[in-house]
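Structure record follows, encoded as structure tokens.
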């Protein structure tokens, strides 16, 4: 989990915090450091593909290209373009429309990955 911090210069930066429940991250010394160094601390998911419809789309395209078993780079490129062009607009709409539900599932799961 990345954590987003706003520092005293009023700019944002991220840091990787391995486990929020880990005692060394919740100790009085750690909390004091964060309070003295940063104005605000927010939990921030690090590149969570569950919240990015393009990741699901790439998974579909990849699966379709792999089924065609390209034998060289030229075929791989050709199949990739062909599979990409086959994507119906309805699929794109469905992926985008599903994001509200995905966001709610992640909220319900306290930020953990979802089975999507």
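Bear in mind that the values in this text are calculations on the coordinates, not laboratory data. The shown structure was predicted, so the numbers you read here are calculated from the model rather than taken from an experiment. A quick note on method: Cβ atoms are made from the backbone with ideal geometry, for glycine too, and the neighbour counts reach across all protein chains shown.
Summarised as an ellipsoid, the range 53-110 has semi-axes of 29, 13, 7 Å, derived from the eigenvalues of the Cα gyration tensor scaled by 5 and square-rooted, with the largest first.
With a simple spin-label model that places each label point 7 Å from the Cα along the Cα-to-Cβ direction, the separation between residue 54 and residue 91 comes to 1.7 nm. Summary of packing: across the peptides 75-82, 94-101, the per-residue average of other C-beta atoms within 10 Å ranks them, highest first, as 75-82, 94-101.
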